[in-house]
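Chemist: Before I ask anything, let me first share the structure, which is written out below as structure tokens.
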Amino acid sequence: MTLRLTPKLHKYAKICLASFLLILSQNAMAEQKLLDDFKNKPEDRWKFIADTVMGGISSGQLSFSVDGSANFARMVGKVSTENNGGFIQFRRSVIDGLPANTKGLKLSLRGNGQKYFVHIRTKGTFLPWQYYQRSFMSNEDWSETTMLLNEFRPSGILLRKTIDPKSIKSIGIVAFGRDHEAEIDVRKISLF
């Protein structure tokens, strides 16, 4: 049995299909919200921090560059655990928290094959050594990594077990916890 549509029904079916596809594409766009693509003066939003603020001797720097059409942040440095140190990071404040329906972060990055971390601070992280942490591996080629907020672990027992997206105050990309050379590039951070 063959179904034949009249010209009027055929036109109606095309309009319905186009409307459906438009709704799907809008939902897909709504699923991801750009937090940063390192354009338009990223140096005003991101700052470099080393353990020297607490007496450590780690060193490094943050710079912003362009690779083809993509802008990115690059952090390089030497992490040292001497003198109770052990981190370098670049961090961005989040003024009004993230939307309540935020489930996680998606990063586009490359690096030197080392393990790095994302540290999230919330309204409940009062002390400098309090944060929520999730690790990721880098490689030489641009790649994407996805992190659910419920995968982040608190740095101590005094913190809530899970992150309330609305309470997030800052997000940092961190080289942490062991002696090593750091080189990490991030070109996009999105929320989903």
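The values are calculated or read from the model by the stated rules, or taken from the named source; none is laboratory data. Since this is a predicted model, take the numbers as computed values, not measurements. Every residue, glycine as well, gets a Cβ built from its backbone with ideal geometry; the counts of neighbours run over all protein chains shown.
Chemist: Could you list all residues from the range 110-153 that are touching a residue at least 12 places away in the same chain (Cβ under 8 Å), of a type in the set (Phe, Trp, Tyr) and farther than 17 Å from Arg187 by Cα?
Modeler: Within the range 110-153, Trp129, Tyr131, Tyr132, Phe152 qualify.
Chemist: Next up: Checking the structure you have, find out if any residue of the range 154-173 is basic (Lys, Arg), in contact (Cβ under 8 Å) with a residue 12 or more places away in the chain and touching a Leu at 6+ places or on another chain (Cβ under 8 Å).
Modeler: Yes, the range 154-173 contains at least one residue that is basic (Lys, Arg), in contact (Cβ under 8 Å) with a residue 12 or more places away in the chain and touching a Leu at 6+ places or on another chain (Cβ under 8 Å).
Chemist: Surrounded by fewer than 19 Cβ atoms within 10 Å (Cβ to Cβ) and among the charged types (D, E, K, R): does that describe Asp164?
Modeler: So Asp164 passes the test.
Chemist: Another one. Taking into account only those residues within the range 161-178 that are not basic (Lys, Arg) and not in a strand (DSSP E or B), which is nearest to Ile88 (Cα to Cα)?
Modeler: Result: Gly177.
Chemist: Which condition from (1) assigned to a strand (DSSP E or B); (2) surrounded by 21 or more Cβ atoms within 10 Å (Cβ to Cβ); (3) more than 11 Å from the chain's Cα centre (by Cα) is the one that Thr125 breaks?
Modeler: Single failed check for Thr125: (1).
Chemist: Anything in the range 57-82 that is modelled with pLDDT of 95 or more and not in a strand (DSSP E or B)? List them, or say none.
Modeler: Once the filter is applied, which keeps residues that are modelled with pLDDT of 95 or more and not in a strand (DSSP E or B), the range 57-82 yields Ile57, Ser58, Ser80, Thr81, Glu82.
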